[in-house]
Structures are given as C-alpha cells and as structure tokens.
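Working notes for the structure below.
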Amino acid sequence: MPDSPRTPGERPAGARAFDALTAERGILFGGDYNPEQWPRDTWREDVELMQRAGVNVVTVGVFSWAMLEPTPGAREFGWLDEVLDLLHAGGISVDLATPTASPPPWLGVRHPETLPVDPDGVRLVAGSRNQFAPASRVYREAALAITRDLAERYRDHPAVRMWHVGNEFGQLDYGDEAARAFRDWLSARYGTIEALNEAWATAFWSQRYADFDEILPPRRAPYLINPTQSLDFRRYTSDELRACYLELRDAIRDTGAHQPITTNFMGPFHHADYWSWADEVDVISDDQYPDPADPDAPADIAFAQDLMRGLGGGAPWVLMEQAISAVQWRGHNLPKTPARARLDSLQAVARGADGISFFQWRQSRAGAERFHSGMLPHAGADTEVFAGVCRQGADLQRLRPVVGSRVAARTALLFDWSSWWAADEPARPTTRLTTLEQVQRWYRSLWRRNVPVDVVAHGADLTGYDLVVVPHSYVLEPPAAAALIAAAEHGAQVVIGPFSGVADVNGHILQGRSPVQLRGLVGASGEEWAGLPDAGAAVDLAGLTVAGAATAGILAEKLRSDGAEVLASFADGDLAGRPVVTRNAAGAGSAWYVGAVLGDDLLDAVLAEALAAAGVDGIRPEPSAEAATAAVEAVRRGDALFLLNRGDTPAQVRVPGEWVDLLTDETTDNLVTIAPWDARVLMERHHS
Ligand code: GLA
C-alpha cells in the first residue's frame with residue numbers, strides 16, 4: 001500500500017486532538033443545533049432528547065452572527081453562554097462555528113462592497129444567506145473581529161471540543177474588490193504582464209494586456225471568454241475562499257484554542273479545489289445529500305466518501321451534514337425511510353467516517369428550511385424519524401471498535417480540480433462529455449464490484465497500486481504523466497480514459513499525436529478528437545467479453561495502434577476499423593487506452609478485464625434465487641467488514657472465518673445473511 005502522507009504516528013497536533021476526541025467519545029453523533037430559532041424553554045427538552053438519542057456533539061452557531069452582533073460592534077454572548085453551559089451539563093460536546101457564513105443585514109447596508117456581485121454586475125443583497133464578497137476587506141475584518149471574540153470567550157469552555165469555520169465555502173464574486181484581488185493573485189502567479197499574456201494566449205482575438213490593471217474577472221462579455229482567464233479565475237476563487245478560511249482558522253488558533261478546526265466540504269464541489277485545502281483542516285468534514293429518488297446516489301456518495309478519505313490521506317473524516325429524511329431544496333423531495341437513513345450513515349462509517357452528523361437537530365418551524373427534515377421533526381419525538389435517530393445513536397455506540405481504523409485499497413482513481421475546470425470550459429468538441437460524470441461512471445463500475453478505491457490527486461505517487469484508473473484527466477501535468485508511467489513500470493494496470501492528457505496547465509492544447517506525453521506508455525496515438533453521431537457506434541471486440549451492447553458514443557479519437565494490442569475497434573461509421581480500446585505492455589504492468597466514451601456495458605467489460613489483470617476483486621454477494629443482482633455494498637475498514645443491503649430481498653455473503661456482528665453481538669461464520677435494508681458490521685474473531 002502506498003504510504004499515506006499522514007501516517008497515524010505523525011499526525012499534526014490538531015489532527016491528534018480530533019483523535020483524542022473520538023477516542024474519548026467514540027464515533028461523534030449529532031447535528032447542527034440552532035437554538036436561536038427557539039424559545040429558551042425548548043433548550044432543556046433538546047438536551048434531554050439528545051441524551052435519549054445518544055447525541056454526543058452538536059454544531060452550534062453556524063448562522064448566529066446577527067444574534068451575536070445585532071448592531072455594529074455589539075456583542076451578545078449571553079444566550080450562547082447559556083446554551084453551551086446547558087449542553088455541557090447534559091454531556092453534549094460542541095463543535096462551535098464561526099458565524100461568518102452569513103453577515104447581519106446591517107453590514108451590507110452600511111458597506112455595499114461587502115456584498116457579492118454576479119457576472120452580470122448584479123449586487124446580491126441580504127435576506128437569504130451567504131451574502132458576502134470573499135475579497136472584501138471590510139467583510140474580512142468584520143468576520144475576523146467576531147471570530148476573535150468568539151474564540152477568546154470560548155476557547156476554554158469545556159463543552160467546546162471542535163471549531164467549525166464558516167459554512168460550505170463556495171461564494172463566487174465578480175465585483176470590484178474581486179477584480180483587485182484577482183489582479184494581485186495573477187501578478188503573484190505570473191510576475192510580469194508578458195508572462196500572463198503568454199499563459200493566456202492573448203495574441204488571440206486582440207486580448208493582449210498592457211498592464212495588470214486592465215484585467216477583469218470573467219464578467220459578462222459579448223462572446224466566449226478567454227478559457228485561461230476563466231480557468232485562472234476559478235483557481236483564484238478557490239484560493240481566495242481558502243484565504244478566508246485560513247485567516248479565521250489562524251485567528252482561532254492565535255487565542256490559544258487547542259481543539260481541532262475544520263470547515264465543511266461539499267463532496268466533489270466545483271468551486272473549491274479541496275486538494276489545496278485538505279492539509280489546512282485538522283479533520284476533513286463533508287456534507288452529503290444523496291437523493292433517495294436517484295438509483296446512482298449510493299455509488300456517487302461512496303465516491304464522495306472515498307474522495308474525503310483521500311483528501312485526508314486515509315485518516316478518519318466527519319460526515320458533518322446529511323438529511324435524516326427529505327430535503328426541501330430539490331424540485332421534488334422524497335423522504336428517506338429510517339432504514340435508508342441508517343444505511344447512509346453506516347456507509348459513511350464503512351468508508352472511514354468517525355463522525356455522523358445531520359442538518360439539523362430540530363426541524364425549523366419557519367424560514368426557508370421549514371420543510372427540510374430534522375432529527376426531531378415538527379411532529380416531535382413520538383415519530384418514526386426520531387426512533388430512527390435513536391437507533392442510529394445506539395448503532396454508533398456499538399461501532400466504537402472501528403474508530404481510527406482505515407480502509408485499504410489497491411485501486412487508485414485520479415481526480416483533479418484544475419483539469420475538471422479546464423475540461424468543462426465552453427467551446428469544446430462536445431458538452432456531453434463532462435469530467436464529473438465520467439469519473440462517476442467509472443467509479444460506479446468499480447463500486448458495483450465492491451472494489452475499494454482510493455481517490456488520489458494528480459501527481460501522487462501511484463507505485464503501490466495494482467490498478468490505476470484515469471477516467472478523464474484532460475490536463476495531465478508532467479509529474480502526473482510521470483506518475484502513471486512509473487505505476488505501469490512497477491506492475492500496475494493503468495487505464496486511461498478518453499480525452500485525457502490533451503492540454504497543459506494553462507489549458508493550451510499539447511502539440512503532436514495524442515496523448516502527447518503518454519504515447520510511449522500506451523503504444524497508440526491519435527490525430528483528432530471528434531464528436532460521434534447521436535446514435536453512437538457499434539464496436540467489434542477482440543479479446544474482451546461484453547455482457548450487453550458493445551458501443552461507444554459522444555466523442556472518439558481517430559486512433560491508430562503504434563504497437564499496442566487492439567481490444568476493440570469501431571465496427572462502422574467514419575471511424576470503422578480504428579481502435580477504440582488498446583492495451584500495451586509497459587514495464588511490469590500494462591497501459592490501457594480508451595479512445596472513446598464507452599457505453600456502460602463496454603466500459604464495465606474493460607474495467608473488469610483490467611481488474612482481473614491486476615488481480616483485484618471486491619467481496620460479492622452469493623448468487624441469489626430471489627434477486628438477479630443482490631444489492632450489497634461490502635467495505636472492509638480495519639478489522640471490520642461492513643455489509644449493507646439496499647435491496648428488497650435478503651442477501652448472503654460468504655465470509656470465511658469466525659465473526660461477531662458489532663451491531664447485534666451475534667456470531668457468524670462462513671455464510672452471513674443480511675436482511676433487506678439492513679446491515680451487518682462483522683469483526684473478525686482472532687483466536688489467541
Ligand atoms: C447545507 C447547509 C445547511 C443547510 C443544508 C440543507 O448543507 O450547510 O445550512 O442549509 O444545506 O440541506
């Protein structure tokens with residue numbers, strides 16, 4: 001297994017503080033708690049019900065700025081003192097949030113420059129939330145001031161065991177302060193305007209700049225925007241948001257606060273390059289809202305969870321927010337059954353979470369989230385929802401033995417934000433190929449086989465993996481390309497998806513037959529990427545077996561083999577006879593090249609072959625008389641084996657050895673049955 005960048009022994013102090021917290025309290029369990037929405041007499045009931053449910057930590061204060069600072073410079077901490085004391089007396093720890101995600105209305109009224117501006121120049125106003133411009137100096141000062149005072153006051157409060165900076169950093173701003181900050185960012189990146197002109201290829205369309213002062217964010221323009229300008233603005237935006245986070249984090253630390261500090265990520269969220277944030281949080285935390293109506297949701301959430309584990313270098317992470325039942329923000333919102341909600345939480349634990357938390361504790365009775373579920377619904381504690389919450393609390397207490405343990409994977413999947421941004425810029429061969437969708441399609445195929453996957457950054461050392469998949473890495477910088485070559489040399493099967501290695505760091509197209517840097521590795525090369533007709537194309541197979549249709553569609557490369565074995569080629573159309581999938585012996589391993597967007601069945605066949613060649617497989621349920629494919633997700637975390645059945649029929653899994661189910665204390669051997677919509681968490685019994 002590749003060494004994790006943070007092996008347990010050498011975790012930084014903040015991460016160790018998180019480990020100490022979970023060692024003491026077990027898996028963290030709770031939710032966002034917004035007592036400011038409720039009269040005081042509900043607070044006591046909240047604590048009692050939290051205790052009943054097994055809640056041990058709640059996030060407080062995320063949207064409390066206007067309550068803490070009702071007028072400029074005022075401080076109203078009394079109510080928060082009371083809440084924290086009450087929670088502490090009840091044995092509930094607190095993840096205390098800086099209230100900085102939503103400034104009070106007075107800030108925007110007095111200082112309109114603190115408000116964000118959209119690409120059309122429209123200034124957004126208060127009345128919702130998140131109305132701040134990340135680059136605004138006045139906003140930053142105000143956020144710092146309230147954060148310092150909050151941290152000074154509560155750094156030693158015994159309830160406070162974690163800090164939560166802001167909320168879901170993701171604001172976009174195209175205003176004048178953003179323009180100023182963007183120019184500073186560009187000047188630091190490029191040094192001279194000549195270097196910027198080169199990187200942005202401004203010889204095109206008379207875009208040459210004489211001075212940094214002429215540069216604007218990519219606001220509304222008559223026609224297509226310079227793609228490198230746009231790419232750099234995305235990089236700048238992620239960095240500016242990160243700077244906001246860092247400033248607040250450091251302000252908390254500077255007061256002497258010793259608790260772990262985090263901010264909640266949003267899975268594969270487009271506007272923040274979390275690889276560049278990951279080392280700055282003491283524990284990775286994430287918000288996940290699978291849509292119960294979407295059959296792909298369990299797989300796509302598993303991808304987000306593996307990404308979170310990857311961001312933390314394999315360390316435990318926290319599921320900071322999820323819904324216990326329905327959300328209110330989709331057009332049509334299906335609730336989760338308590339059984340589904342339970343499996344969603346157990347899935348996160350299986351994939352490395354040491355904290356399971358919800359938005360929110362008590363369902364709001366008013367405001368824009370009045371129809372968003374809460375752990376304690378409008379109907380109160382005498383509900384199936386609340387009974388489900390209590391059951392989850394009890395389950396998680398039983399899972400204490402998995403705390404701190406890790407998931408091991410022999411398969412790596414590459415995922416990178418800059419490449420995603422550059423690939424998804426407008427004006428490309430097809431808008432039907434999008435990075436996230438391709439990554440998810442490839443991941444789902446591995447997920448259905450229960451293959452453990454590490455999601456890794458471009459350029460990471462891949463030499464310990466047996467299988468490396470690159471679903472769609474449009475930009476592969478030289479270190480990332482070199483890591484792929486090294487992985488194959490060390491014996492890995494490296495599978496490179498379509499339209500990868502096309503552009504450089506600035507999004508400029510590499511010159512030569514593609515994939516320019518990887519031609520030697522893949523033993524094949526192409527001269528042009530072209531959209532395929534809507535009907536797609538049939539594919540002839542040589543050396544692959546496909547259960548279903550062998551097709552390709554959307555985009556294909558005019559490819560030739562330069563020595564690689566051709567496993568599939570176009571059966572008809574303009575590209576008839578040309579290779580679609582090739583395999584090339586490389587070092588001790590092989591490089592597979594996929595020169596088109598493959599249909600689901602063909603993609604599945606290619607990955608199955610590559611897995612077989614790598615000697616990698618996942619735990620699969622026994623064939624079942626009742627269901628053609630039993631829906632069991634199997635994940636090994638440390639010594640525990642999680643088996644989650646999202647199917648309507650019982651499933652069985654062969655588990656050689658003797659096991660005890662942590663959820664029930666039942667012992668089992670060899671063949672274990674998982675009831676419909678139920679889970680097993682088996683711990684191997686070692687005989688001494
Ligand atoms: C986000 C926010 C929460 C809440 C939920 C609703 O995750 O962080 O404050 O609005 O969405 O799903």
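The values are calculated or read from the model by the stated rules, or taken from the named source; none is laboratory data. What you see is a predicted model, and the numbers here were worked out from it, not measured in a lab. All Cβ positions, even for glycine, are placed from backbone atoms using ideal geometry, and neighbour counts span all protein chains on display.
At-a-glance table
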{"read-out": "Flag for V606 being of a type in the set (V, I, T) and in contact (Cβ under 8 Å) with a residue 60 or more places away in the chain", "value": "yes"}
{"read-out": "Residues (in a strand (DSSP E or B) and either away from the ligand (no atom under 16 Å from the Cβ) or farther than 20 Å from M320 by Cα (or both)) located in the range 29-63", "value": "F29, V57"}
{"read-out": "Positions within the range 18-67 being touching a strand residue (DSSP E or B) at 6+ places or on another chain (Cβ under 6 Å) and without any contact (Cβ under 8 Å) to a residue 40 or more places away in the chain, in sequence order", "value": "N56, V60"}
{"read-out": "Condition met for L124 (away from the ligand (no atom under 15 Å from the Cβ) and free of Cβ contacts under 8 Å to residues at least 12 places away in the same chain)", "value": "yes"}
{"read-out": "Enumeration of residues in the range 87-105 that are more than 16 Å from the ligand (Cβ to nearest atom) and outside any loop (DSSP other than H, G, I, E, B)", "value": "L87, H88, A89, S93, V94, P105"}
{"read-out": "Complete set of residues in the range 368-380 that are more than 10 Å from the ligand (Cβ to nearest atom) and outside any strand (DSSP E or B)", "value": "R370, F371, G374, M375, P377, H378, A379, G380"}
{"read-out": "E609 vs. criteria surrounded by 15 or more Cβ atoms within 10 Å (Cβ to Cβ), modelled with pLDDT of 95 or more and assigned to a helix (DSSP H, G or I)", "value": "yes"}
{"read-out": "Among the residues listed as Q328, Q288, the single one being in contact with a His (Cβ under 6 Å, 6 or more places away or on another chain) and of a type in the set (S, T, N, Q)", "value": "Q328"}
{"read-out": "Spans of strands (runs of 3 or more DSSP E) in the range 535-583 with at least 3 residues in contact (Cβ under 8 Å) with a residue 12 or more places away in the chain, within 29 Å of I485 (Cβ to Cβ) and aliphatic (A, V, I, L, M)", "value": "551-561, 565-570"}
{"read-out": "Which listed residue is closer than 20 Å to G166 by Cα and either in contact with a strand residue (DSSP E or B) (Cβ under 6 Å, 6 or more places away or on another chain) or of a type in the set (V, I, T) (or both), from Y236, Y274, Y245", "value": "Y274"}
{"read-out": "Residue that is within 16 Å of the ligand (Cβ to nearest atom) and surrounded by fewer than 24 Cβ atoms within 10 Å (Cβ to Cβ), where the choices are Q347, Q322", "value": "Q322"}
{"read-out": "Tally, over the range 23-46, of residues that are buried (at least 22 other Cβ atoms within 10 Å of the Cβ) and under 18 Å from I261 (Cβ atoms)", "value": "3"}
{"read-out": "Residue tally, condition touching a Gly at 6+ places or on another chain (Cβ under 6 Å) and assigned to a helix (DSSP H, G or I), over the range 422-449", "value": "1"}
{"read-out": "From the options Q360, Q328, residue that is closer than 23 Å to L87 by Cβ, within 16 Å of the ligand (Cβ to nearest atom) and part of a loop (DSSP other than H, G, I, E, B)", "value": "Q360"}
